[in-house]
Amino acid sequence: MAALPGGGEARSGQLEMAEAVADVIETGGQLVVQAPTGIGKSLAYLVPAIVSGRTTVVATATKALQDQLATHDLPFLAAHLGRPVSFAVLKGRANYLCLQKAVEIGQGDEQLVLDDVRTDDLGAFGKDLVRVLEWAKESQTGDRADMAFEPRARLWAQVSVTARECPGAVRCPQGEDCFAEAAHERAAAADVIVVNTHLYATHLATGGYLLPEHEVVIFDEAHALEDVAASALGLELNGGRFTALARAIRPLAEEEADTIDAAGTRLAAALEPLRGVRIEPGSLARVFAVADEAIRRGLETARAGNDDDARRTRALKAASSLAEDVAAAAAPTDDDVAWVEGAPGAPVLRMAPVDVGSLLAERLWGSVPAAVLTSATIPSNLPARLGLPSDAKELAVNSPFDHERQALLYCAADLPDPRRPEYEPAMHAELEALIRAAGGRTLALFTSWRAMRAAAEALAPLVPWRVLTQDELPKPALTAAFSSDESSCLFATMGFWQGVDVPGAALSLLVIDKLPFSRPDEPLMQARRERAGAAAFRTIDLPRTAMLLAQGAGRLIRSTTDTGVVAVLDPRLASAGYRWELVRALPPMHRTKERAEVVRFLEALVTA
Ligand code: SF4
């Protein structure tokens, strides 16, 4: 294999993975690959997929990886592989400007735009709207991400449609010029189609119509697939969906629109006191019955008109989809769990299948000839949780890093149990000592926003280095600020346990406050535990915690020249009966419980 981006020659782990991927594409079936950081796993699956000549969908859980594939890895292969490589990124419909809505706005349909806007905001909203519409005239893609400015969510909602509303190109007057349809056509003509995992799972949930036909699917960041699939294969209901439908129906039938609005308000009022609570089947039956009746009246009105009216067909589609979801929420099966979440005043009812394995087995593994699932951290229970056939192949590729030499794993075994009140001040004192020894240069990962803020408040006045927190900036800007100011510290929560890449001395100390166990009352996890019975801790909680801990610890060593310390400030890692299952999932670092050894190690790094 040729020289790879980043300057290195192909390494054996990469070749081993590439050969296994080529094999499963050729023979069919499923392959699960644990591919540690640094092996170049994206090229290890892209090259065999492209060489096979089979249409391949690559699904990523994060936007950062999607961007890396589309702007770096695939263009590199197109330039160097010595054969034509066509690829396309396909996003969900609401990412593209809807030309039909733009036309309706252009025809002076103010109702569509101004309903939701405060009078004192009308000027700014109008100006932004004109900017978006002007951009759409020039844009080749209609993709929101290609705009030079970020439109506010409410504005974008007025110029886009979700798949739930769009009647499809054949029934839409703008269907021929539609941006979303054009993106789909480009994807259908490409050899490699890059999507996010949520879109792929929605494709499965909606009967397989969203994506072009393909023979190979590759899930990168496959550790996220179970949760993403649960979300896409489930549903969500909130007052906003009723408001949106009422707005669509209002020009056709004022009275029905009022009834739908009122049903949405009633649903939101019923959900508000249940935020954070799991819902038992039947407990909201009366509210659902009112909602169902209101939507049915709206549907009848929408059906009674002229089929050529684009607004009417959109309203019809949105009403059908809402009616389906209300019916499903009103009659959950034993395989579903429902709960309410959301901020105060904005409750959302969510329903998800407890076990996505059987759904994936039915809709995916038997339908797409070859599937590759890869991640730096594959939970031990992943094949079972995802319903993979028993003959699915597994491969664990060795890391190119010498973790034993490059990194030290420290467990602060003398700290109090994290569930005790004396834990927090003792943990802050430990954290301060470690940060001082490292000369700043610390990424501290917390299991809650509260713990992150408390630590930042306690330590920022004590240490002479800048302490950044996740409250301050969006993730890319925060990561850039942390990398460029070498002695700075960054305190963050779960969003930074994955997908953060800071090679070099700026990240020499990685601190984890507590073992990242899921909360006992988290509804989906609770339902999975109930189903697992007595084995729940070992089969549900431990594999997930081990995966998250390994993801967090994996932020430290990003290249062969990185060195540093992973410090876990949770004494359970040194004492609990299950500790070895967690330790074994981590890279094989040199281990210690002695703070003095850690301080010496860090001080040596600072003076090196
Ligand atoms: S088909 Fe029509 S309604 Fe659907 S996104 Fe395209 S322009 Fe909009």
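Before moving on, here are some points about what is shown:
- Checked against (1) open to solvent by 40 Å² or more (accessible area, probe 1.4 Å); (2) within 30 Å of GLU581 (Cβ to Cβ); (3) in contact (Cβ under 8 Å) with a residue 24 or more places away in the chain, ARG519 meets all criteria but (3).
- If only residues of the stretch 176-189 that are assigned to a helix (DSSP H, G or I) and in contact (Cβ under 8 Å) with a residue 60 or more places away in the chain are counted, the one that is farthest from the ligand (Cβ to nearest atom) is ALA189.
- For the stretch 321-338, the criterion of being over 30 Å from ALA536 (Cβ atoms) and within 16 Å of the ligand (Cβ to nearest atom) is met by at least one residue.
- In summary, LEU459 fulfils each of the numbered conditions (1) closer than 30 Å to LEU349 by Cα; (2) touching a His at 6+ places or on another chain (Cβ under 7 Å) with the single exception of condition (1).
- Hits in the stretch 158-173 (condition: open to solvent by 40 Å² or more (accessible area, probe 1.4 Å) and in a loop (DSSP other than H, G, I, E, B)): THR162, ALA163, ARG164, GLU165, PRO173
- Some residue of the stretch 107-119 being modelled with pLDDT under 95, within 16 Å of the ligand (Cβ to nearest atom) and part of a helix (DSSP H, G or I): yes
- The residues listed here are GLU486, GLU422, GLU432; of these, the one that is surrounded by fewer than 20 Cβ atoms within 10 Å (Cβ to Cβ) and closer than 22 Å to PRO503 by Cβ is GLU486.
- Number of positions in the stretch 435-467 that are buried (at least 18 other Cβ atoms within 10 Å of the Cβ) and of a type in the set (Ser, Thr, Tyr): 2
- If you go through the stretch 299-350 and pick out every residue that is surrounded by fewer than 21 Cβ atoms within 10 Å (Cβ to Cβ), in contact with a strand residue (DSSP E or B) (Cβ under 9 Å, 6 or more places away or on another chain), aliphatic (A, V, I, L, M) and not in a helix (DSSP H, G or I), you end up with 2.
- Scanning the stretch 247-283 for residues that are among the small types (Gly, Ala, Ser) and touching a residue at least 40 places away in the same chain (Cβ under 8 Å), we see that the one that is nearest to LEU386 (Cα to Cα) is GLY276.
- Top-ranked residue of the stretch 430-460 - restricted to ones that are free of Cβ contacts under 8 Å to residues at least 60 places away in the same chain and farther than 23 Å from VAL598 by Cα, ranked as farthest from the chain's Cα centre (by Cα): GLU457
- Scope the stretch 352-395; condition assigned to a strand (DSSP E or B) and of a type outside the set (S, T, N, Q); matching residues: ALA352, PRO353, ALA370, ALA371, VAL372, LEU373, LYS393, GLU394, LEU395
- Filtered residues of the stretch 152-175 (kept if near the ligand (Cβ under 10 Å from one of its atoms) and among the basic types (Lys, Arg)): ARG171
- Taking the stretch 197-210 as the range and being open to solvent by 10 Å² or more (accessible area, probe 1.4 Å) and in contact with a helix residue (DSSP H, G or I) (Cβ under 6 Å, 6 or more places away or on another chain) as the test, the residues that pass are HIS198, THR202, LEU204, ALA205, LEU210.
- Checking the stated criteria, GLU221 turns out not to satisfy the condition of being within 12 Å of the ligand (Cβ to nearest atom), at pLDDT below 95, acidic (Asp, Glu) and surrounded by 17 or more Cβ atoms within 10 Å (Cβ to Cβ).
- Some residue of the stretch 595-606 being small (Gly, Ala, Ser) and open to solvent by less than 20 Å² (accessible area, probe 1.4 Å): no
- So ASP261, is it away from the ligand (no atom under 16 Å from the Cβ) and farther than 30 Å from PRO173 by Cβ: no
Each row is one residue, and each column tells you yes or no for (1) among the charged types (D, E, K, R); (2) farther than 25 Å from THR62 by Cα; (3) touching a residue at least 24 places away in the same chain (Cβ under 8 Å).
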residue: SER487; (1), (2), (3): no, yes, yes
residue: LEU490; (1), (2), (3): no, no, yes
residue: PRO503; (1), (2), (3): no, no, yes
residue: GLY554; (1), (2), (3): no, no, yes
residue: ASP562; (1), (2), (3): yes, no, yes
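- 1 or more residues in contact with a helix residue (DSSP H, G or I) (Cβ under 8 Å, 6 or more places away or on another chain): qualifying helices (runs of 4 or more DSSP H) within the stretch 397-477: 423-438, 449-459
The values are calculated or read from the model by the stated rules, or taken from the named source; none is laboratory data. All values reported here derive from a predicted model rather than from experimental measurement. Glycine gets a Cβ as well: all are built from the backbone with ideal geometry, and neighbour counts include every protein chain shown. Areas reflect the complete protein model, heavy atoms only, side chains present, ligands, DNA and RNA absent. Shrake-Rupley method; radii C 1.70, N 1.55, O 1.52, S 1.80 Å.
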